[in-house]
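Below is one structure, written out as structure tokens, with a few remarks after it.
Each reported figure results from applying straightforward, stated rules to the coordinates on display, with no laboratory input. The shown structure was predicted, so the numbers you read here are calculated from the model rather than taken from an experiment. Every residue, glycine among them, receives a Cβ derived from its backbone with ideal geometry; neighbour counts consider all protein chains shown.
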Amino acid sequence: MPPRKFTTKRTKMTDLERTPVLRVIPGPTDINANGHIFGGWVLSQMDIAAGIVASRRARGPVATVAIEAMKFIEPIHLRDLISVYAHVERVGRTSMGVRIEVVAERDLGATEVKVTEGLFTFVALDQNNRPRPVDTLA
Ligand SMILES: CC(C)(COP(=O)(O)OP(=O)(O)OC[C@H]1O[C@@H](n2cnc3c(N)ncnc32)[C@H](O)[C@@H]1OP(=O)(O)O)[C@@H](O)C(=O)NCCC(=O)NCCS
């Protein structure tokens, strides 16, 4: 099998962070007029993955409060296998910054392409859906 190639530089991550939070394949209904996958589809996968890691860190419910950065680097193709990597990069009083990176595998895994990256902000929520200090229990 030919060696795997990365077409864009990956952010340096720890071994744990190298485990994808989500692996998913877009379907035919996720295609836009160019034959690529809708930006909104990948953004929602990023929100789901980042919400999982933020909720684990906050040990309770969280809400997305802001998308601080979002970059579409390369298009996603039909039949790509998408891996979403996410880790909590910053912890504030009630908020957390989650760094997300999305990699598409194609050509039966021979090629990996970093397709998007982003920084989303989540807020830990209390039982009234109001901000809660991250290090207190819900
Ligand atoms: C999340 C929510 C409860 C926060 O309420 P709020 O009154 O704005 O909260 P605060 O002003 O006290 O801010 C809470 C934290 O979020 C941060 N924050 C608020 N708005 C922000 C923004 N636009 N960008 C970055 N951080 C922000 C604050 O700095 C604060 O962080 P800190 O406690 O770590 O210092 C409220 O905005 C909300 O319910 N939003 C809708 C959430 C939602 O439905 N998300 C899904 C939609 S896709």
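Hey, among the residues in the range 99-133 that are without any contact (Cβ under 8 Å) to a residue 60 or more places away in the chain and outside any loop (DSSP other than H, G, I, E, B), which one's nearest to ALA54 (Cα to Cα)?
Among those residues, the one meeting the criterion is THR121.
Enumerate the pairs (first residue in the range 55-78 and β-branched (Val, Ile, Thr); second residue anywhere and part of a loop (DSSP other than H, G, I, E, B)) with beta-carbon separation below 7 Å, excluding pairs fewer than 6 apart on the same chain, so at least 6 apart or on different chains.
So the pair list comes out as ILE73/THR8; ILE76/PRO26.
Take the residues in the range 86-101 that are touching a helix residue (DSSP H, G or I) at 6+ places or on another chain (Cβ under 6 Å) and not β-branched (Val, Ile, Thr), then tell me which one is surrounded by the most Cβ atoms within 10 Å (Cβ to Cβ).
Step by step, filter the range 86-101, then rank; the result is ALA86.
So THR29 clears everything in (1) closer than 24 Å to LEU125 by Cα; (2) among the hydroxyl-bearing types (Ser, Thr, Tyr); (3) outside any strand (DSSP E or B) except one condition, right? Which one?
Status for THR29: all satisfied but (1).
Can you confirm whether ALA63 is in a strand (DSSP E or B), surrounded by fewer than 17 Cβ atoms within 10 Å (Cβ to Cβ) and within 10 Å of the ligand (Cβ to nearest atom)?
yes
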